[in-house]
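First the structure, in the form of structure tokens, and then the observations on it.
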Amino acid sequence: MRFSLFHLLPSGFVFGLVLTILFCIDAEAQDGIRCLNLEQINLEAYDEFDKSVRAKKIILLGEWHYMSPNSIIQADLLMYLNRTTGLQDLLLEFGHAEAYLINKYLTTGRKKYLKHTFGGAKGYVEYRESLERLYQYNKTRENSEKLVVHGLDLEREPGLTASIIDLVSGMPGKKQYKSLLDSLQIRLDTIGIDRNPMEFLLFLRDRLPASIYEDDEDGKILRNMVFNDATIKYMHQRDGKMLEAFMKLDTTNARYLGQFGTAHTMLDAPNSLATKLASKEKYKDEVLVINMHYLEDDDKDIFKEVSDCAVFMFRIDPENESIGWLHKRQHWFIILRDQEMYEVRK
């Protein structure tokens, strides 16, 4: 199905931003421009890009939601960074619960954990296939090298309820939670997608004893979910809440790849996550933004002068008279012409 994003997205979103790239690089290259082959990945062959990502702690990959290359690029870029730099941590535009379910799948390969994820892993072919590739890749890595997913954003249903059930069911003394687990299972079977679970979180805070959050890893994960105030009520503070979550997470020398919608990755947007990160003294000069930009309308293709490849990546030259102004929004661009939306799983 062809889809004209120009009719749906505000002009400010069109040139959005993003963190990091994946795909495969063709042998064809000219003046720092690389034509990309999405079927064959070889980012190691692009020295300029390789040096660029190695120099940064935080790589942000910006996407237009629901386009099929998004998850393909994310998976390939993450594996490339893990192989070449040891980067293990993926940041997503979801909450702690969604990250928990994806991490359980990447650890066990059990597809039941994807059943209650929000949209993508459950509903779209390319998203599911990319997660399956990451699972297979993770099996080849040592424990100290394995990929880990972190959610910085709003908690969503049905993943929140599914994650609470899975965690509480594994707690010591779970018999005392039987009636709670029974009611949660009924909720899971009937809730569908609930975008504002704040009342549910308040109920859990009242119902679950403090002892359940004690220092084991599952207790910490449960606490992060139950006490996550990033709900629809705070939509106007969303990027600020994601920054708070990241600052709480970042207590080591870890490096991160984050994939978010381009509204969150524009460096010239004063309230975006990218801008907020880059303005912190701790992360000054540590943020690299790579934006994916989709084109379908030749009349709006201002990148014709850059390359006529169907898919290509390049670093923006601020001195370029036509597109140099885009350098203020991101450092790298991936341009994709005539791409499809996600295919819905049958």
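Only residues that are surrounded by fewer than 21 Cβ atoms within 10 Å (Cβ to Cβ) and in contact with a strand residue (DSSP E or B) (Cβ under 8 Å, 6 or more places away or on another chain) were counted in the stretch 271-287, giving 3.
Output the residues belonging to the stretch 261-291 that are in contact with a Phe, Trp or Tyr (Cβ under 7 Å, 6 or more places away or on another chain) and either part of a strand (DSSP E or B) or over 16 Å from L92 (Cα atoms) (or both). Before you say what the answer is, go through the steps one by one.
Our first condition is that a residue be in contact with a Phe, Trp or Tyr (Cβ under 7 Å, 6 or more places away or on another chain); within the stretch 261-291, this holds for 262-263, 273, 277, 290-291.
Correct list: I290, N291.
Residues that are modelled with pLDDT under 95, among the aliphatic types (A, V, I, L, M) and surrounded by fewer than 20 Cβ atoms within 10 Å (Cβ to Cβ): does the stretch 122-129 have at least one? Yes; the residues of the stretch 122-129 include at least one that is modelled with pLDDT under 95, among the aliphatic types (A, V, I, L, M) and surrounded by fewer than 20 Cβ atoms within 10 Å (Cβ to Cβ). With respect to (1) part of a helix (DSSP H, G or I); (2) touching a strand residue (DSSP E or B) at 6+ places or on another chain (Cβ under 9 Å), the lone exception for L160 is condition (2). Cβ separations smaller than 8 Å between residues 6+ apart or across chains give the following pairs from the stretch 36-50 residues that are under 19 Å from S307 (Cα atoms) to residues that are surrounded by 14 or more Cβ atoms within 10 Å (Cβ to Cβ) and of a type in the set (D, E): L36/D26; N37/D26; L43/D50; L43/D76. Is the stretch 187-209 home to any residue that is out of contact with any Pro (no Cβ under 9 Å at 6 or more places or on another chain), of a type in the set (D, E, K, R) and within 30 Å of E63 (Cβ to Cβ)? Yes: the stretch 187-209 contains one or more residues that are out of contact with any Pro (no Cβ under 9 Å at 6 or more places or on another chain), of a type in the set (D, E, K, R) and within 30 Å of E63 (Cβ to Cβ).
For beta carbons closer than 8 Å, sequence separation of 6+ or different chains, a first residue in the stretch 190-219 that is under 28 Å from G123 (Cβ atoms) and a second that is basic (K, R) and assigned to a helix (DSSP H, G or I), the qualifying pairs are N196/K233; M198/K233; F200/R187. Whenever a residue of the stretch 165-181 is within 12 Å of L222 (Cα to Cα) and in a helix (DSSP H, G or I), its partners that are at pLDDT below 90 and not acidic (D, E), lying with C-beta atoms within less than 7 angstrom and at least six residues away or across chains, give the pairs V168/K174.
The rows are residues; the columns are (1) under 25 Å from A45 (Cβ atoms); (2) modelled with pLDDT under 85; (3) not acidic (D, E).
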site: K280; (1), (2), (3): no, no, yes
site: D285; (1), (2), (3): no, no, no
site: N291; (1), (2), (3): yes, no, yes
site: K300; (1), (2), (3): no, yes, yes
site: F314; (1), (2), (3): yes, no, yes
site: Q330; (1), (2), (3): yes, no, yes
site: F333; (1), (2), (3): yes, no, yes
site: Q339; (1), (2), (3): yes, no, yes
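Scanning the stretch 134-152 turns up no residue that is surrounded by 20 or more Cβ atoms within 10 Å (Cβ to Cβ), modelled with pLDDT under 95 and part of a helix (DSSP H, G or I).
The values are calculated or read from the model by the stated rules, or taken from the named source; none is laboratory data. Given the structure is predicted, the values throughout are model-derived calculations rather than measurements. Here the Cβ is made from the backbone with ideal geometry for all residues, glycine too, and neighbour counts use every protein chain on show.
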